[in-house]
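Notes follow the structure.
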Amino acid sequence: MNSKERILNTLNKVSRDALPRPEIELQYPPEVLVEDFVRIAEASGTEVFLATPDTVADTVRKWSRGGDIQSCVPGLQDEFPLIFDEQIPFDREKMPEVFVAEAAFGVIENAALWLTDSELRARLLAFIPERIVVLLKAGSLVSTMHQAYAIIAENDPFGFGLFMAGASKTADIEQTLVKGAQGAKELAVILY
Amino acid sequence: MFNRRKNKLMKGTHANLSKGFITGSEKTDWHNNALWFLRAKRDMQRDTIPDWEKLRATAAAIKDHTLSRLPEYLQRFEENAIKNGIQVHWAWDDAELREITASILRENNAKSVVKSKSMLTEECGLNPYLEKEGFDVVDTDLGERIVQLRKEHPSHIVVPAIHLKKEEVSDTFHEKMNTEKGNSDPDYLASAAREALRKDFMRADAAITGVNFGVAESGTVVVCTNEGNADMGVHSKKTVIHCMGMEKLVPGYKELAVFTRLLARSATGQPVTVFTSHYRKPRPETTEHIIIVNNKRTDIFEDPEFRQAMRCIRCGACMNTCPVYRRSGGHSYHHTVPGPIGSVLAPFYGKEKNKDLPFASTLCGSCNNVCPVKIDLAGLLYRWRQKLTDETSPDLSKKIGMDIGSKILKSRTTYSLATRAFRWVPGSVLQSGLNPWNVTAKNGHKERIFPDVPGESFREWYKKNQE
Ligand code: SF4
């Protein structure tokens with residue numbers, strides 16, 4: 001008997017009646033308020049900018065403070081082409097200083113942004129750049145994780161999916177918050 | 001001879017291991033406050049959710065449902081993960097997890113590994129084994145890296161280095177990474193670690209992670225971190241291994257939503273962890289593995305009273321709130337998982353060896369009130385006390401004390417004789433260094449001192465005053 005059989009047999013021997021799958025009936029805030037998203041994002045140390053489709057590129061440029069910008073967002077990649085190479089991920093020449101992606105949607109209750117392979121192009125791009133900008137359509141906000149996962153379950157399955165809710169951080173040294181523990185040191189969200 | 005034996009008997013119990021930590025109130029207070037800070041932040045998050053209690057009840061019900069159909073969900077999870085291109089392995093115990101991991105690494109020619117936080121691999125002794133087998137292992141969570149460099153174990157399951165002051169971290173980094181001596185600025189230390197770890201990420205051949213949730217319906221592995229260290233490894237290495245305790249399953253995304261709302265709020269008082277990563281399909285040319293681990297979980301599952309302990313999502317909230325944990329520190333628990341839940345689990349890994357742990361609690365029930373999956377921790381600790389007293393060898397010093405105590409308390413005459421006799425012991429003796437429970441601070445201040453003994457008992461006083 002291999003370990004799989006041994007585990008399943010042992011469990012089966014003592015399993016009792018199956019309990020029903022519970023209904024999930026929890027309260028959702030009735031309205032989707034952009035202000036709440038902004039407040040919660042800022043509390044997690046994320047900078048939030050309000051823009052229009054025309055001013056997005058400018059906002060990115062200003063925030064980049066002259067750093068090398070790369071993007072995989074269709075409207076921006078001509079201006080900020082992506083040269084990052086997943087095969088040599090730690091190559092300093094190819095690594096963006098500022099990476100711009102567009103989130104599929106955002107969640108108000110925790111300011112988390114949903115990004116998958118199709119929004120990121122290369123998975124490591126959500127982690128390795130010094131700074132990250134995420135574009136988010138204000139109309140794509142949902143209130144809670146319940147609606148968020150309902151959308152995820154409906155859409156085509158992803159290979160890699162990520163909720164990002166701030167810059168990489170740690171409080172492992174005496175509870176002092178330090179940004180940029182391993183991944184990006186700063187995160188900005190541009191709502192438009 | 002007697003002393004040696006006594007030492008051996010005393011060694012290793014929670015009461016003894018915490019002695020150093022609680023002697024002198026400075027570190028105790030500091031640790032206590034650091035943990036309470038997390039508890040307070042948790043409360044603030046709780047207050048932002050109107051039906052928080054219902055959320056907890058739902059989470060508990062989901063876990064109970066999943067456990068009641070665990071074999072089915074495990075198989076479903078495996079099928080889906082395989083469909084997604086991930087290889088699935090099953091480990092009966094810690095030894096098998098270690099062997100499977102090593103053989104995957106060997107097959108893929110991997111010599112060095114970057115690891116993200118996993119209490120499961122800690123429980124299974126993976127690091128020491130891999131090192132013995134000649135692999136190079138680097139823990140990449142900053143807190144875990146700190147304790148790894150110090151050759152210690154995590155003292156908390158979420159904040160592994162919570163027992164250390166920044167000066168201690170600074171000394172360790174100076175010694176191992178050549179940082180400036182005496183510079184204990186957290187920003188400086190964290191950025192030194194970032195640079196060093198980047199090199200480790202570049203150099204490593206394989207990545208190992210723990211697992212927070214496994215989604216049965218989609219075969220997805222979910223890992224939650226604040227640093228992004230799990231992803232740095234997973235997305236840059238060609239060989240990836242996720243080690244998952246078999247209680248980590250949830251049925252589908254609908255249920256996952258409930259737990260992503262609860263985990264970080266309960267753990268550190270954040271609305272969600274910075275990164276909630278969902279791994280479903282490997283990158284091209286990458287081999288990705290999941291090892292499903294039992295290691296005594298079937299024993300817990302088999303026990304109808306204790307099965308609820310398998311709901312645990314390892315958030316650490318019960319530690320943050322526990323008055324005993326906060327004041328005695330995680331290392332005094334001599335088990336991988338400390339605090340209330342650790343003391344519930346530990347006897348499954350050795351009744352004799354861990355029989356003191358369920359007693360390292362006041363049974364105040366604070367843990368029950370914060371646990372996001374509503375485990376009756378205090379109730380289970382109480383149950384262990386009864387079982388362990390019956391099923392393990394008695395602790396002689398405790399037994400003698402109890403027997404004497406019970407003799408004295410049973411009879412009013414012996415009781416009043418005993419208290420009268422006690423009153424004759426001079427205060428100068430009780431309050432001197434001869435009494436091992438007195439504590440004097442380094443600066444000479446008396447921190448804990450035996451109180452003055454009143455000249456008469458309450459009974460005597462009452463009689464006199466009544467007249
Ligand atoms: S027992 Fe409850 S509070 Fe303690 S770690 Fe587990 S889930 Fe968290």
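The values are calculated or read from the model by the stated rules, or taken from the named source; none is laboratory data. All values reported here derive from a predicted model rather than from experimental measurement. Counting neighbours? That spans all protein chains shown, and the Cβs are built from the backbone with ideal geometry, glycine included. Note: areas computed on protein heavy atoms with side chains; ligands, DNA, RNA excluded. Shrake-Rupley method; radii C 1.70, N 1.55, O 1.52, S 1.80 Å.
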Residue that is modelled with pLDDT of 95 or more, outside any helix (DSSP H, G or I) and open to solvent by less than 90 Å² (accessible area, probe 1.4 Å), where the choices are A:F90, A:F80, A:F37: A:F80
Candidate set from segment B:98-112 (those that are buried (at least 19 other Cβ atoms within 10 Å of the Cβ) and out of contact with any Leu (no Cβ under 7 Å at 6 or more places or on another chain)); member that is farthest from B:V234 (Cα to Cα): B:I100
Residue selected from segment B:200-221 under the condition of a type outside the set (D, E) and within 9 Å of chain A (Cβ to nearest Cβ), by the criterion farthest from B:R314 (Cα to Cα): B:M202
Criterion (under 30 Å from B:E285 (Cα atoms), assigned by TED's automatic domain parsing to the domain that holds B:N212 and either open to solvent by less than 50 Å² (accessible area, probe 1.4 Å) or in a strand (DSSP E or B) (or both)) met by exactly one of B:H89, B:H65: B:H89
Search result, residues across segment B:1-40 that are at pLDDT below 85 and outside any helix (DSSP H, G or I): B:M1, B:K11, B:G12, B:T23, B:G24
Residue among B:S406, B:S397, B:S393, B:S416 that alone is away from the ligand (no atom under 16 Å from the Cβ), part of a loop (DSSP other than H, G, I, E, B) and either surrounded by fewer than 11 Cβ atoms within 10 Å (Cβ to Cβ) or outside the structural domain of B:D356 (by TED's automatic domain parsing) (or both): B:S393
Complete set of residues in segment B:238-270 that are more than 7 Å from chain A (Cβ to nearest Cβ), over 19 Å from the mean Cα position of the chain (by Cα) and open to solvent by 10 Å² or more (accessible area, probe 1.4 Å): B:K238, B:Q270
Enumerated strands (runs of 3 or more DSSP E) restricted to segment B:205-288, each holding at least 3 residues that are in contact with a Leu (Cβ under 9 Å, 6 or more places away or on another chain) and more than 16 Å from the ligand (Cβ to nearest atom): B:239-245, B:275-279
Scan of segment B:298-318 for residues that are near the ligand (Cβ under 7 Å from one of its atoms) and away from chain A (no Cβ under 14 Å), ordered by number: B:C312, B:I313, B:R314, B:C315, B:A317, B:C318
Flag if B:K442 is basic (K, R), out of contact with any helix residue (DSSP H, G or I) (no Cβ under 7 Å at 6 or more places or on another chain) and on the phi < 0 side of the Ramachandran plot: yes
Members of segment A:177-192 found to be under 11 Å from B:R194 (Cβ atoms) and either surrounded by 21 or more Cβ atoms within 10 Å (Cβ to Cβ) or of a type in the set (D, E) (or both), listed by number: A:V178, A:A181, A:Q182, A:G183
